[in-house]
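Everything on this sheet refers to the single structure shown next.
The values are calculated or read from the model by the stated rules, or taken from the named source; none is laboratory data. Please read all numbers here as calculations on a predicted model, not as lab measurements. A quick note on method: Cβ atoms are made from the backbone with ideal geometry, for glycine too, and the neighbour counts reach across all protein chains shown.
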Amino acid sequence: MGTARLAVAWTTVGAFAWFGKAWLGDLASPIFALALFAWLLVAIFWCAFGVVHEAEELADILGEPLGTLVLTLSIVVIEVALVSAVMLGAKDAPTLGRDTMFAVLMIVLNGVVGLGLLVGGLRHHQQSYNLQGASAFLSVIIPLSTLALIIPNFTTSTRDGTLTTLQAVTFSGFTLALYAVFLLIQTGRHSDFFQDGSGAEGSRSVAEPERRTKAPAGSIVRHTVLLVANILPIVLLSKSLATILDHGIAALGAPSALSGVLIAAIVFTPEAISALKAVARNELQRAINLCLGAATSTIGLTVPAVLAVGLITGQTVVLGLKPTEMTLLAVTLILSTLTFSGLRTTVLEGAVHLIVFFVYLVLIFSP
């Protein structure tokens, strides 16, 4: 399966490298454009599942929280590549970074978390997790998302949710610095915050150190190489996918925010499936590490990348959310804080998060 996946992916890369300019220059036929989109989507999705598979193999070797961190960073690298490709290709996508980051937050913090807590509650009644880890994630998500998506609406140096060059450079630096500190905490002295010593995970915690010490270095190298081999086709095909996405949304007259939603859905679907599987196995801590880690990494890495592309190319980058979206973000952050303020979760929290997610979906098409 892995060999077939890579063969299809790299064949697709070669085909678009050789014929892509001609193909993408003639998208007048809806059937032809749809066929190219389906081809790229299948190749990218298949590689994304390959990324998840290799990252989970590394997770079994490295243990928590390094395992989920590898997966989260891999997925966010793909997201940044797709967003950058659309911005560089369209040359007129000022809100794409904002829309993608907001979509990731809504999909992950409300959609995936809500469905996960609902499934976990129905199957296991109540699920426990490490409160310190969830609090650490939220203590970074709240200021980073506020700094990136709300503050630009209230600065007076610029209008329409944009930033000055000084603000863009310093805010990017602050974002990267805070994210770096968080990574040091997560992988260093407080890594135990992101581990669950009870339940199903606790039963494996004794065996994990022994398994990690016995894992040969060659196995780590092999899975790392395969991980990179699955990521690269996605990055290389992202520009072609971006061109077709931009053409399709313009042709259909769809909301511009839909582009960000599609990118977020394409990138995070495999990780969402991995998180839901963890919840079903009563491994809520792993699911939290994946979901809250994805939200943290998205803001921590996408903001500097988007602002850098804007500064380098001279494009306008709009980060400030619309009033309705700011309200949804505020509700999501408050709700997430309440959900992860106790030691156990139930079906109720999942249902509430899902309702907020469905409201977000409705507002995309009927703002």
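Residue under question is S84, and the condition is that it be of a type in the set (S, T, N, Q) and either part of a loop (DSSP other than H, G, I, E, B) or over 21 Å from Q195 (Cβ atoms) (or both); does it hold? Here the answer is yes, as S84 does meet what is asked. Figure legend. Inter-residue proximity from the stretch 256-271: first residues touching a residue at least 40 places away in the same chain (Cβ under 8 Å) and closer than 11 Å to I75 by Cα, second residues surrounded by fewer than 20 Cβ atoms within 10 Å (Cβ to Cβ) and of a type in the set (F, W, Y), beta-carbon distance below 6 Å, spacing 6+ or different chains. Indicated pairs: P270/F49. For the stretch 292-349, how many residues are surrounded by fewer than 17 Cβ atoms within 10 Å (Cβ to Cβ), among the hydroxyl-bearing types (S, T, Y) and in a helix (DSSP H, G or I)? Matching residues across the stretch 292-349 total 4.
Applying the selection to the stretch 163-178, what residues are in contact with a Leu (Cβ under 7 Å, 6 or more places away or on another chain) and either more than 23 Å from S139 (Cα to Cα) or of a type in the set (S, T, Y) (or both)? Selection gives L163, T165, S172, T175. Of the listed requirements (1) part of a loop (DSSP other than H, G, I, E, B); (2) modelled with pLDDT of 85 or more; (3) not β-branched (V, I, T), N282 misses just one: (2). Name the one entry in V317, V362, V306 that is over 15 Å from T100 (Cα atoms) and either basic (K, R) or modelled with pLDDT of 85 or more (or both). Result: V362 is the single residue among V317, V362, V306 that is over 15 Å from T100 (Cα atoms) and either basic (K, R) or modelled with pLDDT of 85 or more (or both).
Pairs linking a residue in the stretch 164-179 that is surrounded by fewer than 18 Cβ atoms within 10 Å (Cβ to Cβ) to a residue that is modelled with pLDDT under 95 and not in a helix (DSSP H, G or I), with Cβ atoms under 6 Å and 6 or more positions apart or on different chains, are T164/S157; T164/T158.
The selection criterion, being closer than 22 Å to Q195 by Cα, under 18 Å from the mean Cα position of the chain (by Cα) and modelled with pLDDT of 90 or more, does not hold for L144.
Residues that are without any contact (Cβ under 8 Å) to a residue 12 or more places away in the chain and not β-branched (V, I, T) were ranked within the stretch 342-367; the one that is farthest from V119 (Cα to Cα) is S366. In summary, A9 fulfils each of the numbered conditions (1) surrounded by 13 or more Cβ atoms within 10 Å (Cβ to Cβ); (2) out of contact with any Cys (no Cβ under 8 Å at 6 or more places or on another chain); (3) not basic (K, R) with the single exception of condition (2). Of all the residues in the stretch 141-185, those that are in contact with a helix residue (DSSP H, G or I) (Cβ under 7 Å, 6 or more places away or on another chain), hydroxyl-bearing (S, T, Y) and part of a helix (DSSP H, G or I) number 5. Of all residues in the stretch 120-132, those satisfying the criterion of being touching a Leu at 6+ places or on another chain (Cβ under 8 Å) and either farther than 23 Å from M106 by Cβ or assigned to a helix (DSSP H, G or I) (or both) are G120, G121, S128, L131.
Working only within the stretch 1-16, note down all residues that are among the hydrophobic types (A, V, I, L, M, F, W, C) and in contact (Cβ under 8 Å) with a residue 60 or more places away in the chain.
Answer for the stretch 1-16, where residues must be among the hydrophobic types (A, V, I, L, M, F, W, C) and in contact (Cβ under 8 Å) with a residue 60 or more places away in the chain: L6, A9, W10, V13, F16.
The residues in the stretch 15-37 that are loosely packed, with under 11 Cβ neighbours inside 10 Å and modelled with pLDDT of 85 or more can be counted, and the count is 4. Mind checking whether some residue in the stretch 87-97 is crowded, with 24+ Cβ neighbours inside 10 Å and under 29 Å from E349 (Cβ atoms)? No: zero hits. Screening the stretch 231-269 for residues that are more than 16 Å from the chain's Cα centre (by Cα) and among the polar types (S, T, N, Q) and picking the one that is farthest from T12 (Cα to Cα) gives S256.
At pLDDT 85 or above and surrounded by fewer than 21 Cβ atoms within 10 Å (Cβ to Cβ): is that true of L258 in this structure? Criteria not met by L258.
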